[in-house]
Amino acid sequence: MKLFGLFDKSESRSSPREVGHADLQKALLDGSVTIVDVREPHEFAAGHIPSAINLPLSRFHPDQLPAGKPPVLICQAGARSARALDQALAAGASEVRHYPGGMSGWRANGGEIVR
């Protein structure tokens, strides 16, 4: 099964609501997702994924999620993005996912960072 027609189940992950590293890199390269970073502004300013938008969990509301491309939520280690995902799903957002490795996992896997 592919999520949004973008993400391949061949990459190991624990939940269909999670996006693995290789799948996320591919989706970013083809511009088919929007990265929503739910860390606080000072964390975002210290380094984030190129083209990511910042919607801090402390002020997060699912209505703020951008339309157009499926959003993938990210935080520092995966806990905040999982909470934001739960809020979005409860509000009826069906095409939202999260990257459970967070920015720590993104960096560890060689993901690009901008400041």
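Accessible area of the chain with a 1.4 Å probe: how many percent of it is carbon plus sulfur?
53
Residue by residue, what Karplus-based ³J(HN,Hα) values in Hz, rounded to whole numbers, does segment 91-104 have, using 6.51, -1.76 and 1.60 with θ = phi - 60° and x for Gly and Pro?
8, x, 6, 9, 9, 8, 9, 9, 9, x, x, x, 5, 4
Given the chain reduced to its alpha-carbon atoms as identical point scatterers, what log10 I(q)/I(0) does the Debye formula return at q = 0.19 Å⁻¹?
Normalising to I(0) and taking log10 leaves -0.94.
Counting pairs of alpha carbon atoms under 8 Å apart in space and at least six apart in sequence, what relative contact order in percent does the chain give?
Computed value for the chain: 28 percent relative contact order.
So, for the chain, what is the accessible surface per residue at a probe of 1.4 Å, expressed in square angstrom?
It amounts to 50 Å² per residue over the chain.
The values are calculated or read from the model by the stated rules, or taken from the named source; none is laboratory data. Model, not experiment: these values are computed from the prediction. Heavy atoms of the whole protein, side chains included, go into the accessibility calculation; ligands, DNA and RNA do not. Shrake-Rupley method; radii C 1.70, N 1.55, O 1.52, S 1.80 Å.
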